[in-house]
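J.: Quick one: structure below, then a few questions.
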Amino acid sequence: MLYAVAVFAPLLGSVVAGFFGKAIGDRAAQAVTILCMLLASACGVASFVSLVYQGGTPGVVDLGTWVDAGSFHVSWALRYDTLSAVMVAMVTCVATLIHIYSVGYMSHDNSIARFFSYLSLFTFAMLMLVTADNLLQLFFGWEGVGLASYLLIGFWYEKPSACAAAMKAFIVNRIGDLGFAVGIALVFFTFGSIQFGDIFAAIGQHSADTYHVLGGTWPAFEVIGVLLFIGAMGKSAQLGLHVWLPDAMEGPTPVSALIHAATMVTAGVFLMARMSPLLDHAPGALAFVAVVGGSTALFAATIGCVQNDIKRVIAYSTCSQLGYMFVAAGVGAYQASIFHLLTHAFFKALLFMGAGSVIHAMSDEQDIRKMGGIWKKIPLTYTVMWIGSLALGGVYPFAGYFSKDAILEAAWASDSASGHYGFWCGLIAAFLTAFYSWRLLILTFHGKPRADHHTMEHVHESPAVMTVPLILLAIGAVVLGFLFRDQLLGEHWQAFWGQSIQIAADNHVLHAMEEVPGWVALAPSVLGFAGIALAYFMYMAVPSLPGQLASAFAPVYRFLLNKWYFDELYDAVLVRPLMALSRLLWQVGDATLIDGIPNGMASLTSDSSAQVVKVQTGSIANYAFAMLIGVVALISVFLIFR
Amino acid sequence: MGGAAMTWMSLNWTLALPEIVLSCCGMAILILGVVSRGNFFRLGCMLTVGAFLLTAMLVLSGANGVGYSGLFVTDAYSVFVKLLVLAAATLGVVMSLDYNEHENLRRFEFPVLMLFSTVGMMLMASATSLMTMYMGVELMSLSIYVLAAFARDELRSSEAGLKYFVLGSLASGLLLYGVSLIYGFTGSMDFALLAKALSDPASASPGLVVGIVFVLSGLALKVSAVPFHMWTPDVYEGAPTPVTAFMASAPKVAAMALLVRLMASPFGHLLAQWQQLIVLMSIASMLLGSLAAIGQRNFKRLMAYSSIGHMGYALIGLAAGTQAGVRGVLIYLVTYVFMNIGTFALIIAMRRRGRAVEGITDLAGLGRTDPAMALGLAVFMFSMAGIPPFSGFWGKYFIFTAAVQQGMWALAVIGVLTSVIGAFYYIRIIKVMYFDAPDEAFDVRPASLSFVAGVGGLFTTLFFLYPAPVVAAAEAAAKVLFG
């Protein structure tokens, strides 16, 4: 019951704020949504605690039949197990803090009720996604998240760039969704059901199934795994389908925090963990996941090193951290991926909202080259940004240290080629992550002020409604790691996870990661400190060095600055040809042919009309003549054809 | 002739009581009009309406049978047609009340002419002999010639009357020549005897066939089927509007009913031979009716083409040559009469500062200046275009169903296509009324016109709720011809 309240309270808040926001006013809309979120997070945490620590029984909360057609049955149902409960607790808590923070951040906006309605809708969609008991309901939440993200990224719809970003996010996600939808269809085709319980129970019977298409034989689980992962790639912005994520910065900063931390991008990782019983029997698909994850981690980190927009740097770090999570999933350490998802949710929300606080202080300036020298003026923001960066950089004892190290250890311990590839990518990315995090910190807060005098005078700490959530998130970013490390990944992980994560009998990666060589455990920390040192050297000690490096290695610098030219590549390979094709279909196919036929018929009709009317001369003689001709014609017809 | 002829010798004259009573009323009103001082127009109209209602009651209560030695018949078919004709004529007289006052046409002969024309139509409905048929047609036509030229000081009206008279005389000539040919080749004018003589299609000689075509042509002019339609637009436009309204409804019903009876009963066995003529005329009428109407700016002229098109649709039912087809024709005529009369009532109501206007652009913005009138016209236009749930749709529905049952797909398809074209000009009127910038408002509408439009509108709108009585009566009437 509490569980259902946790899921549906945000919907209630969203509906009230969305439909009655005008009537009740912005203040009341804020109050209602935040109260609903507080209720939801209380219920979410309570149901998590009662399940995991008070011996609650996992189960399914049935809400009613949705589709009942032939052999296809789907119910609205909330799945109550550790994986869902932990996600519900995390999503509701982080989203609540973001709601509260938004009161301060959005205080000057014109449509506050609409913003809070969308935020709550976003949260609700994510909760539907993580509590789904079947793939269709999961897809419902999945699309709901896509819709809400579209609405929020394009929240300032009068800005063309925001509209473009919203459309980009929606369209890129659609590509992934196609893979996901086909995957769901194949699951139904193979298992005859899309209920998780039925699927997981029948894993053994179908593990040898194959599809015969395109002249080849394909193992069923591998195909399904890859298709589901393509869906996850879209939502979780993995290499190739990542292009929407940096552009999503066009939305208000709390939206970025919500997208990057609690909702949306974590959906793909969650899907991997949710489908773990199936994926664990698809080694090929898992290797693919690990390789894409590792590549994304490294690729996004390289771009993060040269970006100058404070939110974009953090956006690429999200991309990179999601890569880590997929590496973990790809080596069978689903627990580690969810663990990193949890810690990441807190420190990434913290970083984004800290960045929001900086932007707020700097009169909406986002370029870190125009900041600097403000750490004394906004000490609290400065402190929480430090904590967030320490967690992101993986410094002991902050949360990121535990989760990131666990992933890298698991990747090494998996003892597979894809796992080792993920390990090395992750290791280099760890170095780069530390580097760009401190680059960001130093450029933003230290050195000489580079903003104009006017802006500097206005630098001020944010109000309490914004700083209190920051402090709470900072606490999470500090303590979550060592609080949960042993419960989630330790020897007794099954006591925590129950049946929500089922792995194959030969999957011993969690055990093996405890016994990796000492250098593997140490390397991330060492490289992290090296990255921090390099950043300090380049931006604090010798500030002229970055410029010299950039001009010395201009092609490399431009390559990174332009994000590996992915947007340009897609533009040339996909967008332009598609536009050309569409224009052809529009101008030739539609405007000329399809419109031409009815238009031609219409003009034929009106031309005939003009001709017909000409006969009508008004002269009796003509009329009588026409009649007689008619008689003759009729008689002829009659006599000839009778 | 034998024994059967002997029973016909008894005249059975009471069968024609409605016609006799109506004629007597007509003469009485005529006498009263002549002797009365002051203007008798209004009272004459009232008396005529009363005479029509009385006649309708007599028609309803009369017995069925054949009288006057086989010249005259009363059956379900004739009763159906006569009631429809009387209804149309009554509404036509009511419509003229106000118009004639305004246009200085308040002469008592007007309703009397309508009355005698109606007697002719009733005769046509009951005709079972070529001679009765000719008498009915002539009585109806002669009255209408005069009515068309009733606004004798106006050039357009006199021209309309003359045009109609000359072409009508030509048609009468064709008709009579056809009758004589038929009589010459079969030796009979009686429908029943003709049917018996022609029961073997192979026995039809070319001379007889030519005679049938001539009769068909003469009647086709009355229903204004292409190619005998040429008079219609000119006469409709020139005649006083109530006359146009009358001409477009009651005589069309009577002529079409007569045509159907003639083709179905004496020449019924020759179906395979005349069918293609009807098909040709039907297609040509539908095409011309819908195409030519597009270019029209005058509402009355538009209605002329519209009625040509509608008669084309009705001919589809005759072309099917089945009981279902004839039933379709009758239902079509009923729906046509009511929406047509309603439309004309509103056309008569188009009067600005005392002057009648008839341009389509004069309707601009009517939706704002007179919402009720605009709504009424919109209903009639939608119905004429054949859009459900209005009665016009059902009329077309029964017709097309009958054609499809007979496998006449091409005819049905052409019918649907032309009604799409027709929808263009009907709906353009709605566009003009609701989307164009408003013109000056029309004068206040007299109650008589609101009444007529209301009757037409209610029938058109509500027909779909309870069509059973009309459909059942049409079914019974059609059964007479095929039973």
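The values are calculated or read from the model by the stated rules, or taken from the named source; none is laboratory data. All of these numbers come straight from a predicted model, not from anything done at the bench. Every residue, glycine as well, gets a Cβ built from its backbone with ideal geometry; the counts of neighbours run over all protein chains shown. Surface accessibility is based on the protein's heavy atoms, side chains included, excluding ligands, DNA and RNA. Shrake-Rupley method; radii C 1.70, N 1.55, O 1.52, S 1.80 Å.
J.: Please label the shape of the stretch A:445-501 as rounded, prolate or oblate, based on the square roots a ≥ b ≥ c of the eigenvalues of the alpha-carbon gyration tensor (a/c under 1.5 means rounded; beyond that, a/b larger than b/c means prolate, else oblate).
T.: prolate
J.: Points 7 angstrom from Cα along the Cβ direction at B:A441 and B:N64: gap in nanometres?
T.: Modelled inter-label distance: 5.3 nm.
J.: Now, a different point. Excluding residues fewer than 8 places away in the same chain, name every one of the lysines whose C-alpha is closer than 16 Å to that of A:K404.
T.: Straight-line reach from A:K404, under 16 Å: A:K348.
J.: Carbon and sulfur: what percent of the stretch B:15-482's accessible surface (1.4 Å probe)?
T.: The C+S portion of the solvent-accessible surface of the stretch B:15-482 is 70 percent.
J.: Okay, moving on. What does the buried accessible surface come to for A and B, summed over both chains, with the probe at 1.4 Å? Round to 100 Å².
T.: 2700
J.: So if we plug the beta-carbon distance of A:F19 and B:I427 into 1/(1 + (r/R0)^6) with R0 = 56 Å, what FRET efficiency do we get, rounded to 0.05?
T.: Efficiency, rounded to the nearest 0.05: 0.90.
J.: Heavy atoms only, probe 1.4 Å: what % of the accessible area of the stretch A:132-274 goes to carbon and sulfur, would you let me know?
T.: Answer for the stretch A:132-274 is 73 percent, counting heavy atoms of protein chains only.
J.: What Kirkwood Rh does the stretch A:510-550 have if only Cα atoms enter the pairwise 1/r average? Answer in Å.
T.: When all Cα pairs of the stretch A:510-550 are included, the Kirkwood radius is 12.3 Å.
J.: Right, another one. Can you list the lysines whose alpha carbon is less than 22 Å from that of A:K376, not counting same-chain residues fewer than 8 positions off?
T.: A:K311, A:K448
J.: Using r as the Cβ-Cβ distance of B:V21 and B:N298, and R0 as 41 Å, what FRET efficiency do you calculate, to the nearest 0.05?
T.: 0.55
J.: For chain A, what is the calculated [θ] at 222 nm in deg cm²/dmol (nearest 500), taking -39500 (n - 2.57) for each run of four or more DSSP H residues and dividing by its residue count?
T.: Taking each H run of at least 4 residues, the total per residue is -23500 deg cm²/dmol.
J.: Looking at the stretch B:168-188, which residues lose a minimum of 20 Å² of accessible area between their chain alone and all protein chains in place, measuring with a 1.4 Å probe and not counting ligands or nucleic acids?
T.: Those residues are B:L170, B:L174.
J.: Related question: Can you work out ³J(HN,Hα) from phi for every residue in the stretch B:274-287, in order, using Karplus 6.51 cos²θ - 1.76 cosθ + 1.60 and θ = phi - 60°, giving whole Hz and x for Gly and Pro?
T.: Residue by residue, the stretch B:274-287 yields 8, 3, 5, 5, 4, 4, 4, 5, 4, 4, 4, 5, 4, 5 Hz.
J.: So, one more: Can you tell me how much longer the chain between A:F641 and A:I175 gets when fully stretched, taken as 0.36 nm per residue apart minus their C-alpha distance, in nm with one decimal?
T.: Net length gain for the segment: 161.3 nm.
J.: Check each residue of the stretch B:202-234 and keep those whose accessible area, probe 1.4 Å, is at least 50 Å² smaller with all protein chains in place than in the chain alone; give them in order of residue number.
T.: B:V209, B:V213, B:F228, B:M230
J.: Okay, next question. Can you give the FRET efficiency for A:I629 and B:N104, using 1/(1 + (r/R0)^6), R0 = 25 Å, r = Cβ-Cβ distance, to the nearest 0.05?
T.: So the FRET efficiency works out to roughly 0.05.
J.: Another question, then. What Kirkwood hydrodynamic radius, in Å, does chain A give when the mean of 1/r is taken over all pairs of distinct Cα atoms and then inverted?
T.: Computed over Cα pairs of chain A, the Kirkwood hydrodynamic radius comes out at 26.6 Å.
J.: Report, to the nearest whole %, how much of the accessible area of the stretch A:395-445 belongs to carbon and sulfur atoms, 1.4 Å probe, protein only.
T.: 69
J.: According to the square roots a ≥ b ≥ c of the eigenvalues of the Cα gyration tensor, what is the shape class of the stretch B:15-482, taking rounded for a/c under 1.5, prolate for a/b larger than b/c otherwise, and oblate for the remainder?
T.: In terms of gyration-tensor shape, oblate.
J.: Continuing with this model, one more query. Given the protein assembly as shown, report the % of alpha carbon pairs whose separation exceeds 45 Å.
T.: For the protein assembly as shown, the share of Cα pairs beyond 45 Å comes to 55 percent.
J.: Quick check for you: with a 1.4 Å probe and neighbouring chains kept, what is the accessible area per residue of the protein assembly as shown, in Å²?
T.: Ligands and nucleic acids excluded, the result is 37 Å² per residue.
J.: Let me ask you something else. Across the stretch B:121-136, in residue order, what do the Karplus-derived ³J(HN,Hα) couplings come to in whole Hz, using 6.51 cos²θ - 1.76 cosθ + 1.60 with θ = phi - 60° and x for Gly and Pro?
T.: With the stated coefficients, the stretch B:121-136 comes to 5, 5, 4, 4, 5, 9, 5, 10, 9, 4, 6, 4, 4, 5, 4, x Hz.
J.: If I model a spin label as a point 7 Å beyond the Cα along the Cα-Cβ vector, how far apart are those points for A:A530 and B:L54 in nm?
T.: 12.2
J.: Round to a whole angstrom and tell me the spacing of the C-alpha centers of the stretch A:508-582 and the stretch A:413-489.
T.: The stretch A:508-582 and the stretch A:413-489 have Cα centres spaced 16 Å from each other.
J.: If I model a spin label as a point 7 Å beyond the Cα along the Cα-Cβ vector, how far apart are those points for A:Q611 and A:A201 in nm?
T.: 7.4
J.: How many lysine pairs in chain B, separated by 8 or more positions in sequence or lying on different chains, have Cα atoms less than 29 Å apart?
T.: 24
J.: So between A:A541 and A:L578, what do we pick up on full extension, going 0.36 nm a residue minus the alpha carbon distance?
T.: Full-extension gain reported as 8.3 nm.
J.: Could you go through the stretch A:354-369 in sequence order and give the Karplus-derived ³J(HN,Hα) for each residue, using 6.51 cos²θ - 1.76 cosθ + 1.60 with θ = phi - 60°, rounded to whole Hz, and x for Gly and Pro?
T.: My calculation for the stretch A:354-369 gives x, 4, x, 5, 4, 4, 4, 5, 8, 6, 6, 7, 10, 8, 5, 6 Hz in order.
J.: Next question. Compute the distance from the alpha-carbon center of the stretch B:44-102 to that of the stretch A:212-278, in whole Å.
T.: Cα centroid of the stretch B:44-102 versus Cα centroid of the stretch A:212-278: 81 Å apart.
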